[in-house]
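Here's the structure we're looking at; comments come further down.
The values are calculated or read from the model by the stated rules, or taken from the named source; none is laboratory data. Keep in mind that what you see is a predicted model, and the values were worked out from it rather than measured. All Cβ positions, even for glycine, are placed from backbone atoms using ideal geometry, and neighbour counts span all protein chains on display.
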Amino acid sequence: MKTFAEMSAEELKSLRVELAGKYDEYKAMNLSLDMTRGKPAAEQLNLSNGMYEGLEETGFKSATGVDVRNYGAPMGIDEMREVFAEILDTKKENVFLGNSSSLTMMFDCMMRAMVFGEIDSDSPWYEVHNKKWLCPVPGYDRHFRVTETLGFELIPVPMTEDGPDMDKVEELVKDPGVLGIWCVPVYSNPDGCVYSKEVCNRLAKMETAAPDFRIYWDNAYVVHHLFTEEEKGVPDMLKLCEDAGHPNRVYEFASTSKITFAGAGVSAIACNADNMASLKKICGVQQICSNKVNQLAHVRMLPNKEAVIEQMKKHAELIRPKFDMTLKVLNEELADAGIAKWTNPTGGYFISLNVYPGTASKIVSMCKDAGVALTPSGATFPYGIDPDDINIRLAPTFPTVEDIEKATRILSLCAKITAIDKISEEA
Ligand SMILES: Cc1ncc(COP(=O)(O)O)c(C=O)c1O
């Protein structure tokens, strides 16, 4: 079959008529399909049902005898800190547990820097004029919203297959106004990329003009392998930074949102001893302790990394057919046309689709008219602006396989129609 670029104007015109007919048929079906957010499906959540059973019978006591119903253990109970330490490949002393959301921990962490400054800051960050934050793109919209809301100028940095483009990053950090970078090092949102060792090393080693530069190392998908036989990972970033002579550079984040219950799990921040001392001082003012009943319930069900990996295998069994279906339909519908490219992730929650330049927003609106909700175009870029109007984030975990098939066929149809229109416009 010819690619669209190889087709004549006449051929494209008649193909468009055929595709428009199909689109109208789909529209008449009054569908309501949702591929917007990366949420676990109910069957995934069911894997953790029963987590709260037995707590009363065993007296709500942690391994060291802490009554989790009461105040105390401000950093969280030891055994759950240990689980996160294993997952993040660090030691328990570096881990502080929060409540259910790692995003809240990121926001609070940045607020502490805004109000009080980091331990190596000359002044609180709110006093820094023209402060900037590096945003690998495509990336996670909620990260971008945190730094935008707190008054940073968002600087996009292109992602490569190995992580952020480090030549660009190293150049940009020569500006003292650049105070940090967002990173999702394992199965990045939405590209599913795993940072290479070289990228991790360069991030740890690079010289930054800001003495208080911080990496927000969001390990949200650290154990979210789709194919457990080829689990991927990154080096211990706290150690890398320490070895590189920048021991305060990194804060790591993680949560069980996509391991147990989304928005009702346990979150964690990990950092070195000096950052931890400063964090503890302020967190100790903010709250007495986090929800330890939930921590105990979690650690009873998932007592170590091995148990977490077993749980993640069950998640993978449930979501792999959904990724497979999305990729199958994209291949069937779009591979020959030569108008789109997509990722083939080995973990995480997303497939990142790059369509014909200048068509992503039109595709999303056409899909909406046909009853298919997609993540808004531009969402994966700072300020919601995708300069090439090219990227669409697909989130296959929540809908059923049947819905995914329909939604991806409609999406592909819209991608073809809009590409033909664009090509004709450009001719
Ligand atoms: C990269 C990334 N970080 C954080 C979160 C949210 O995590 P939490 O539920 O712990 O706030 C998500 C959710 O989609 C995510 O994709």
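Structure above, values below:
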| item | result |
| --- | --- |
| Of all residues making up region 97-126, the number that are in contact with a Ser or Thr (Cβ under 9 Å, 6 or more places away or on another chain) and on the phi < 0 side of the Ramachandran plot | 16 |
| The one condition in (1) within 16 Å of the ligand (Cβ to nearest atom); (2) surrounded by fewer than 19 Cβ atoms within 10 Å (Cβ to Cβ); (3) among the aliphatic types (A, V, I, L, M) that Ala209 fails to fulfil | (1) |
| Lone qualifier among Ile269, Ile215 - being within 30 Å of Gly50 (Cβ to Cβ) and modelled with pLDDT of 95 or more | Ile269 |
| Unmet requirement for Asn272, which otherwise passes all of (1) more than 25 Å from Glu43 (Cβ to Cβ); (2) without any contact (Cβ under 8 Å) to a residue 12 or more places away in the chain | (2) |
| Residue count, region 118-128 (criterion: in contact with a helix residue (DSSP H, G or I) (Cβ under 8 Å, 6 or more places away or on another chain) and within 20 Å of Trp217 (Cβ to Cβ)) | 4 |
| Any chance Ala297 is surrounded by 22 or more Cβ atoms within 10 Å (Cβ to Cβ), more than 16 Å from the ligand (Cβ to nearest atom) and of a type in the set (A, V, I, L, M, F, W, C) | yes |
| Candidates Ile215, Ile259, filtered to the one that is crowded, with 19+ Cβ neighbours inside 10 Å and in a strand (DSSP E or B) | Ile215 |
| Selection within region 364-386 - under 18 Å from Val157 (Cα atoms) and among the basic types (Lys, Arg) | none |
| Members of region 32-44 found to be modelled with pLDDT of 90 or more and surrounded by 15 or more Cβ atoms within 10 Å (Cβ to Cβ), listed by number | Leu33, Lys39, Pro40, Ala41, Gln44 |
| Boolean, Asp175 is of a type in the set (Asp, Glu), touching a Pro at 6+ places or on another chain (Cβ under 8 Å) and part of a loop (DSSP other than H, G, I, E, B) | no |
| Entirely in region 73-171, the helices (runs of 4 or more DSSP H) that have 3 or more residues that are more than 16 Å from the ligand (Cβ to nearest atom) and either at pLDDT 95 or above or of a type in the set (Ser, Thr, Tyr) (or both) | 78-88, 102-116 |
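Okay, residues lined up against (1) farther than 26 Å from Tyr216 by Cα; (2) within 24 Å of the chain's Cα centre (by Cα); (3) hydrophobic (A, V, I, L, M, F, W, C):
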{"site": "Asn248", "(1), (2), (3)": "no, yes, no"}
{"site": "Ala254", "(1), (2), (3)": "no, yes, yes"}
{"site": "Ala316", "(1), (2), (3)": "yes, yes, yes"}
{"site": "Arg320", "(1), (2), (3)": "yes, yes, no"}
{"site": "Glu333", "(1), (2), (3)": "yes, no, no"}
{"site": "Pro345", "(1), (2), (3)": "no, yes, no"}
